[in-house]
Amino acid sequence: MNNDIFYCPDTHKHWDRCVALVDMVAFFPSCEQIDFPELKGKPVVVTNGEKGTAIISSSYEAREFGIKTGMRIHDALKICPHLVKRPSRPDRYAEISAKVMSAIMNLTPDVSVYSIDECYINLEPVLRLYGSVKVIANKIRKAVFEASGGLRCSIGISEGMLTAKYCARNKGETTIVAPEDMKAYIADAPIGDICGIGKNIEKYLQRFGIYHCKDIEKYPMAILADRFGDIGRRLYLTCLGNDPMPVDTTDKDHKSMGHGKVTAGEHDKSVIRGIMRQLTERLARRLRQHKMICDTFFVGFKNMRGWVGFKYKTHPATNITEEIWKLVRSHFRHWQQEPLYQVQITALSLQSSEIKQIDLFDDLLPESKQSKIDAVKDKINQKFGKGAVRSATEILAEKANMVPVISFNFDATGKKNSL
């Protein structure tokens, strides 16, 4: 037997790979119930601010009534009149997330924070230290509970990331499936239950009569690899119980960087201008903080029909607030002041500002003055807090009573911790 393979006495199985997924249960509403004990056991929903009308998360008590993310408050109240609405408190959620992730990292350092309420853990290096997969799972659950003040989590443990993700489907429970048993465990799973297989890939596979994971074995890997490349190969192997992708705990280079807001059908032009200026200031500040520049920006407004968004180019690449704001202002001509439900600005194709080509006449450019202004603003805001210095246009956003939106890959431990 290979010395690198660990025999687990409680599962009575050999483990050559061991990955855990920890997923907090109804994280935002659960945080509200922790801080406000009178809400425990009640149907709680979280909205984006006091004026928010869309539900961004709901407790399991609320879900039992059929309440889902994205539902409007007035519709939810029709099916659950005693529903409790709580405005989102992203700073508090980030604080609890940081405590939870840090507690997990005290058990093992090989942790990849996937989002504010979810992380993958490579457990292989600590199997012998703890002596049992179940012991590790219990320690993780205890660490999460104590660090958060009483929150529950779902834990899935198997041989890889996507298979562990599937195992974590039993909400609030711990599900452990040894590597040699994963193929059989996942065989009857609908193909769409596998993380990474969206509607398009699902429909594509169903054309071949592939409805469950076990059906894919009838076909060669090329059925997915030829069409979807490396992602297709990974999904094919995952359906057979073996996700080949290791847990990557290294810091990733930023490929894009953006900020967005969910709005409550806002149609006041001054308010939207204020919000977009606020997002522009935050994005430009983050670009400078990370020593990045960009020459392509996406600006988008979402109305009832969908997104109206375009890519805008600037030359040279920049992180200057006013240069980016010019692009945002130009996007307003595509808006007929119909109600907006989301706005977004994203910097694409990021470049390092430290290797920016020096312009012979750089000191003569207006951008140089703006750079100095931005540098002074950054120093003041860093010393006295965000918003200590801001443009008059930003103040217009206060009418919307907005709160920061937490991005899907938010990492409260410090890698991607900008709200």
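The values are calculated or read from the model by the stated rules, or taken from the named source; none is laboratory data. Every value quoted in this text rests on a predicted model; they were computed, and no experiment measured them. Every residue, glycine as well, gets a Cβ built from its backbone with ideal geometry; the counts of neighbours run over all protein chains shown. For accessibility, only protein heavy atoms count, side chains too; no ligands or nucleic acids. Shrake-Rupley method; radii C 1.70, N 1.55, O 1.52, S 1.80 Å.
By the rule of a C-alpha distance below 21 Å, with chain neighbours fewer than 8 residues away ignored, the lysines paired with residue 255 are 291, 311, 313, 356, 415, 416.
Isolated cysteines of the chain, defined as having no other cysteine beta carbon under 4.7 Å away, are 8, 18, 31, 80, 119, 153, 167, 195, 294. Expressed as a whole percent, the accessible area of the chain that falls on carbon and sulfur atoms is 52 (1.4 Å probe).
For the chain, taking Cα atoms only, Rg and Dmax work out to 24.0, 73 Å respectively. Only protein heavy atoms count here; under a 1.4 Å probe, residue 75 has an accessible surface of about 60 Å². Rolling a 1.4 Å probe across the protein heavy atoms gives the range 199-321 an accessible surface of 52 Å² per residue. A viscosity of 1.306 mPa s and a temperature of 10 °C, combined with the Kirkwood radius over Cα pairs in Stokes-Einstein, give a translational diffusion coefficient for the range 233-329 of 98 µm²/s. Counted over the range 98-247 with a bin width of 10 Å, the fraction of Cα pairs per bin, in whole percents, is 11, 39, 30, 17, 4. What share of all Cα pairs of the range 54-142, in percent, falls into each consecutive 10 Å distance bin? Reading the bins upward from 0: 14, 32, 24, 20, 8, 1.
Classify the range 101-175 as rounded, prolate or oblate, taking a ≥ b ≥ c as the square roots of the eigenvalues of its Cα gyration tensor: rounded when a/c is under 1.5, otherwise prolate if a/b is larger than b/c and oblate if not. Since a/c stays below 1.5, the shape of the range 101-175 is classed as rounded.
From largest accessible area down, sort 188, 193; use a 1.4 Å probe on the protein chains.
188, 193
What shape does the range 176-317 take by its C-alpha gyration tensor, where a ≥ b ≥ c are the square roots of the eigenvalues and a/c under 1.5 counts as rounded, a/b above b/c as prolate, and the rest as oblate? It comes out prolate by the Cα gyration axes.
Between residue 267 and 340, the built amide H atoms are under 5 Å apart, and every one of these is 5 or more places off in sequence or on another chain. Once the 1.4 Å probe is applied to the protein heavy atoms, the range 20-113 comes out at 43 Å² accessible per residue.
Shape class of the range 210-269 from the Cα gyration tensor (axes a ≥ b ≥ c, square roots of the eigenvalues): prolate, since a/c reaches 1.5 or more and a/b is larger than b/c.
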